[in-house]
1. Quick one: of Lys219/Lys280; Lys284/Lys348; Lys99/Lys340, which pairs are farther than 19 Å apart, Cα to Cα?
2. Rounded, prolate or oblate, given the Cα gyration tensor of segment 56-102, with a/c below 1.5 counting as rounded?
3. At q = 0.22 Å⁻¹, what is the log10 ratio I(q)/I(0) for segment 118-219, with the Debye formula run over Cα points and no solvent?
4. Using a 10 Å cut-off on Cβ atoms, rank the peptides 259-272, 333-346 from the highest mean neighbour count down.
5. Using only the Cα atoms of segment 170-231, build the gyration tensor, take square roots of its eigenvalues as a ≥ b ≥ c, and label the shape rounded, prolate or oblate: rounded if a/c is under 1.5, else prolate if a/b is larger than b/c, else oblate.
6. Provide the per residue accessible area, probe 1.4 Å, for segment 192-349, rounded to a whole number of square angstrom.
7. Would you please classify the overall shape of segment 207-346 from the alpha carbon gyration tensor, given that a ≥ b ≥ c denote the square roots of the eigenvalues, rounded means a/c under 1.5, and beyond that prolate means a/b larger than b/c while oblate covers the rest?
8. Counting Lys and Arg as +1 and Asp and Glu as -1, what is the net charge of the other residues whose Cβ lies under 14 Å from the Cβ of Val174?
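The values are calculated or read from the model by the stated rules, or taken from the named source; none is laboratory data. Note that this is a predicted model, so its numbers are computed, not measured. FYI the Cβ positions are ideal-geometry reconstructions off the backbone, even for glycines, and counts take in every protein chain you see. Heavy atoms of the whole protein, side chains included, go into the accessibility calculation; ligands, DNA and RNA do not. Shrake-Rupley method; radii C 1.70, N 1.55, O 1.52, S 1.80 Å.
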Amino acid sequence: MYKGMLLGSVLAKRSSMLLVNTSKPVSKLLFTSHNSFHRFNSILTHQDKDLNKSKKKITPFTEKQLVQARKERLAGLGPLVSKLPQKWIPYAELMRLEKPVGTWLLYIPCTWSILMGGMLTGATIPHTLGMLGLFGIGALIMRGAGCTINDLFDRDLDDKVIRSVERPVASGRVSPKQASLFLAGQTAVGCGILSLLPAQCWWLGLASLPIVFTYPLFKRFTYYPQAALSACFTWGALLGFPAMGIMDWSTMIPLYLGSYLWCMTYDTIYAHQDKKFDIKAGIKSTALAWGPKTKKICYTLTAGQFALYTLAGINSGLLWGPGFIGGLSIFAYRVFTMIKKVDLDDPKSCWKEFLGNINSGLYFTFALCVDFILRSMGML
């Protein structure tokens with residue numbers, strides 16, 4: 001409308017000049033009008049540029065903070081991602097390849113269910129190793145897909161939290177359309193891996209997809225987005241059993257629920273990193289819901305976690321294996337110690353203790369490997 005009014009004003013003025021000033025040749029007047037039209041276009045072009053500049057996102061951070069965030073992102077790419085072609089790097093970041101902690105935490109419950117299922121069915125070592133490898137690739141792909149979904153839904157929130165302001169979609173390095181196409185490719189690969197598993201796994205694996213695709217929305221309307229994340233992030237505790245040819249619900253359910261409580265604990269500690277920015281951005285989490293009661297609640301969750309793992313061991317008949325009981329004891333000690341040591345008001349402490357969950361979970365994995373090998377050798 002603005003352009004139309006200004007153009008009308010210019011043309012009206014030029015038309016009156018043609019009617020009044022007949023002493024000048026028409027060709028010269030038309031030439032003058034032509035130049036005015038180009039000057040008008042030039043003015044509007046500059047004004048459009050100024051308007052576009054004014055429409056840029058208003059950031060709550062200073063230039064110094066944004067520069068520091070960019071430096072930290074580049075420094076955190078690591079030796080592998082940083083060596084990829086430049087056009088690939090934003091997509092690697094969408095998958096969080098430079099931060100494998102999420103992939104590990106998704107994969108570790110898979111290892112427990114595969115190893116326990118393998119012991120219950122007397123599976124061979126090569127077959128079990130093959131499943132561990134296949135689930136590892138699946139964890140990498142599906143964790144990456146979950147991160148892509150998260151970045152698409154949260155692009156209007158990530159730019160309000162300094163830790164996430166440099167994420168590919170929020171920073172504009174990957175467009176929503178590009179991210180959506182990339183997500184379609186990741187989902188196709190994930191479904192391809194699922195198709196390689198026994199048929200019993202298909203319906204169970206596909207049942208998790210609605211939660212995977214919607215959990216990023218929960219932080220907008222509930223203080224318990226961790227409840228949705230935990231539901232899908234520990235799905236591997238169920239899926240490994242049918243992958244090994246057994247559906248032992250009396251073992252699967254307590255193992256899954258225990259893993260669910262573990263995820264609730266470590267992801268709440270993770271959420272405490274951003275609580276200062278989350279309040280300003282309107283992002284909800286258990287960190288904000290529980291506040292100063294977080295540690296007491298996490299202690300309770302962790303007690304329930306290991307009670308459920310113990311029940312899974314009893315129901316499967318695997319509890320008294322030296323690996324199971326020993327690994328579970330070390331695992332429990334580390335998680336309780338994490339809750340005691342973490343400073344929930346220090347983001348660095350939260351991140352450090354959150355990372356420690358990889359080793360805590362892997363201790364139990366390696367312990368189950370010991371039992372699996374002993375059983376394979378007929379020694380247990």
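1. Lys284/Lys348; Lys99/Lys340
2. prolate
3. -1.14
4. 259-272, 333-346
5. Details: a/c = 3.78, a/b = 1.21, b/c = 3.12.
Oblate, since a/c reaches 1.5 and b/c is not below a/b.
6. Value for segment 192-349: 43 Å² per residue.
7. oblate
8. Result for the local shell: +1.
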